[in-house]
Amino acid sequence: MSEFAALGLSEWLVGQCVQLGMSKPTAVQQNCVPPVLQGRDVLGCAKTGSGKTAAFVLPVLQKLSEDPFGIYCLVLTPTRELAYQIAEQFRVLGKPLGLKDCIIVGGMDMVAQALELSAQPHVVVATPGRLADHIRSSSTFSLSRVQFLILDEADRLLEQGCTDFTSDLEVVLGALPSKRQTLLFSATLTETLEQLQSVALNKPFFWESKSETRTVEELDQRYILTPEKVKDAYLVHLIQTFTDEHHDWSIIIFTNTCKTCQVLMMMLRQFKFPCISLHSGMKQRQRFANLAKFKASVYRILIATDVAARGLDIPTVQVVINHNTPGLPKIYI
């Protein structure tokens, strides 16, 4: 564990890493934690599952322990499920601090969220749209003393032409102090991020994983060309084969629409497969509940739209099936 201490982390944080089974820092943590602790802006690009979240959670907690006050850190993410995953890491690693966190995402009660924000939590993890709504409608909290702004899956948040986030980001950034540390983490380096590296950020430290692809090393990729009429029959056969041979494997099936997602779930349940769905047409509490059940292996099959495609860490998944070919390579990856 001296490797974590060598990054400049305090003894209590190293102890937290031990408790969570983090034996040694990953490449992105080794390279990005020290410059964050030095006060530099950082742009880090590494594949999903490489430890990017801990690469910003650890140094932020270290800095927070030195001067705890109000809303200290703001983390923006493109999806609600990812927001909860990040908040959970802050919570478990920051337990000795008595860390107070707040999750601000759509689909949840705004009044309850406003009360949480007014209590001045140390860390706010939010999707841009819902946080912008609170800024527009409320004066019970302030982001003027935020020391850290973190954009996770930054390529998605800053994607040019993505009207989903642009106007909301402008509102959020307008409420933040100009003097702060900005950390951007992503699995893919886009043209927008490259421009930020050279122009927008204050001479940021830049680190990128040198691997040729952003996929896991053990990935075995295959495709099956089938007529549309029999595609679902092939899918049932595939799932039956996997579940017969590997009882402890978890499977994610990606679809392109909420309707297809729901129809597939109903069909697979008719064949007695233990499956649940995840898509934007569901109530938020049900989305969280279904994801938790899948992570806990209560259900072994998850049928989802691309709301589950970015940044979620579910180590038990051994098979990913794309029922429809994704429109963009990075969505596939």
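Coordinate-derived values only; no laboratory data. Model, not experiment: these values are computed from the prediction. Here the Cβ is made from the backbone with ideal geometry for all residues, glycine too, and neighbour counts use every protein chain on show.
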Zone reached by a paramagnetic label modelled 7 Å from Lys229 Cα along Cα→Cβ, restricted to segment 260-281 with backbone N below 17 Å, covers none
Within segment 298-319, the residues whose backbone N lies under 12 Å from a label point placed 7 Å from the Cα of Glu218 along the Cα-to-Cβ direction are 315-319
For Asn324, placing the label point 7 angstrom along Cα-to-beta-carbon and taking segment 228-242, residues whose amide nitrogen sits under 17 Å are 228-233, 235
Rounded to the nearest 10 degrees, the helix 163-174 long axis (Cα) sits at an angle to the longest Cα principal axis of the chain of 20 degrees
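Taking only DSSP H segments of four or more residues, each worth -39500 (n - 2.57), what value at 222 nm results for the chain once the sum is divided by all its residues, to the nearest 500 deg cm²/dmol? Walk me through the numbers before you get to the answer.
Values: 14 runs with 138 residues, N = 333.
Counting only the DSSP helices, I get -12000 deg cm²/dmol.
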HN-Hα couplings for segment 253-265 via Karplus (6.51, -1.76, 1.60; θ = phi - 60°), in whole Hz with x for Gly/Pro, come out as 10, 8, 10, 9, 9, 4, 5, 4, 4, 5, 5, 4, 4
With R₀ set to 45 angstrom, the calculated FRET efficiency between the beta-carbons of Cys258 and Ala6, to the nearest 0.05, is 0.40
The ³J(HN,Hα) series, computed from each phi in segment 53-61 with the Karplus coefficients 6.51, -1.76 and 1.60 at θ = phi - 60°, rounded to the nearest Hz and given as x for glycine or proline, is 4, 5, 5, 9, 5, 4, x, 5, 5
With the 8 Å Cα cutoff and a minimum separation of six or more residues, segment 237-333 has a relative contact order in percent of 40 percent
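Which of the peptides 250-257, 264-271 is most tightly packed, and how do the rest follow, judged by the mean count of other Cβ atoms within 10 Å per residue?
Values: 250-257: 19.8, 264-271: 15.1.
Packing order, densest peptide first, comes out as 250-257, 264-271.
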A student asked for the Cα radius of gyration and Dmax of the chain in angstrom ought to give 20.6, 62
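Given a cut-off of under 8 Å on Cα pairs at least six residues apart, what relative contact order in percent is computed for segment 2-208?
Values: 340 pairs, mean separation 54.8, N = 207.
Here the relative contact order equals 26 percent.
Please state the charge dipole magnitude for the chain, taken about the Cα centre, from unit charges on C-beta atoms (+1 on K and R, -1 on D and E), reported in debye and rounded to the nearest 20.
On the way: 32 positive and 32 negative charges, 124 e Å.
Dipole size: approximately 600 debye.
Expected output is a single nm value to one decimal: the length gained when fully extending between Val18 and His246, i.e. 0.36 nm times separation in residues minus the C-alpha distance. What is it? Display every interim value, and only then the final one.
Details: separation 228, 0.36 × 228 = 82.08 nm, distance 3.13 nm.
Contour length minus the Cα-Cα distance gives 78.9 nm.
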Checked segment 228-332 against the a/c 1.5 cut and the a/b vs b/c comparison, axes a ≥ b ≥ c from its Cα gyration tensor; verdict rounded
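Determine, for each peptide in 312-320, 118-126, the mean count of other beta carbons within 10 angstrom over its residues, then list the peptides with the highest first.
Values: 312-320: 14.7, 118-126: 21.0.
Taking the mean over residues of other Cβ atoms within 10 Å, the ranking is 118-126, 312-320.
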